[in-house]
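Each remark here refers to the structure printed beneath this line.
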Amino acid sequence: MGLARARGAHEEVIRIFERGLGAERGATHYVRAVIARSLVALGRLDDARRHFEVLAGGDFSGIPRNIRWTNTLAETAHLCADLGEEERAETLLDLLAPVSHHHGVLAVPVCYGGPIEFARGRLFALRGEGAEALVHLAEAAEAAEALGARPTRAWIALERGALLARRTELRRARESLEEARRLGEELGMPEVAAAAQERLAR
């Protein structure tokens, strides 16, 4: 699934994971968040929002506080940003604050979810707090670099570059987008490379 998502093969992500939605036990909330993010990428926003509403029930209290909680909540936070659900951002920021310097990991099997600061940075950006978002995205980039998580670094660079461009910090935006494009090309992440190139062309 992780490789399919990195390649931008979102139909494959859904095919791999959709059978997990009917399970009585296991990482069903994580599976739901991942599927919903691929639905967003495919433009199926109404379907994605239905999954998000399930996850958001009771201010996200339905997500079990177990070994999968951190990574599941991070995926849910990214989904919140993907969908532009600004009114839910504050709750997620509060929930993620105690684990802000952790990385999301779904154990057995290991599914790496990236620095929690990446998700928090996107939520701050969603709330229009661009300067604060950039601080968290920079910390996320450093954390990903320290771990050698290059695909995650590519996603962060793309997000950071897009935010800098919106703030008309064009030199820094170009540097970040160039990094995203380079990593996307090197790592076989065509969706990231294309998105970075499209933004650079603007």
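Remarks
- Highest GNM mean-square fluctuation among Val105, Val54, Val34, for the chain modelled with Cα contacts below 10 Å: Val54.
- Per-residue [θ]222 nm for the chain (sum of -39500 (n - 2.57) over DSSP H runs n ≥ 4, rounded to 500): -23000 deg cm²/dmol
- The packing ranking, built from the mean of other Cβ atoms within 10 Å per residue, places the peptides 179-187, 110-118 in the order 110-118, 179-187, highest first.
- Per-peptide average of other Cβ atoms within 10 Å, ordering 188-196, 7-15 highest first: 188-196, 7-15
- Less than 5 angstrom separates the built amide H of Gly104 from those of Gly113, Gly114, Ile116, all sequence-distant by 5 or more or on a different chain.
- Counting 0.36 nm for each residue step from His102 to Arg174 and taking away their Cα separation leaves a gain of 23.1 nm.
- Peptide packing: for 57-65, 119-127, the average count of neighbouring Cβ atoms within 10 Å per residue gives the ranking 119-127, 57-65, highest mean first.
- Identified option (computed semi-axes √(5λ) of the Cα gyration tensor in Å; candidates (1) 49, 24, 17; (2) 25, 19, 16; (3) 29, 19, 17): (2)
- Fully extending the segment from Glu132 to Leu21 would add 36.4 nm, taking 0.36 nm per residue of separation and subtracting the current Cα-Cα distance.
No value in this document is a laboratory result; all are computed from the given coordinates. Not measured: the values here are computed from a predicted model. Don't worry about glycine lacking a Cβ; one is built from the backbone with ideal geometry, like all the others, and counts go over all protein chains shown.
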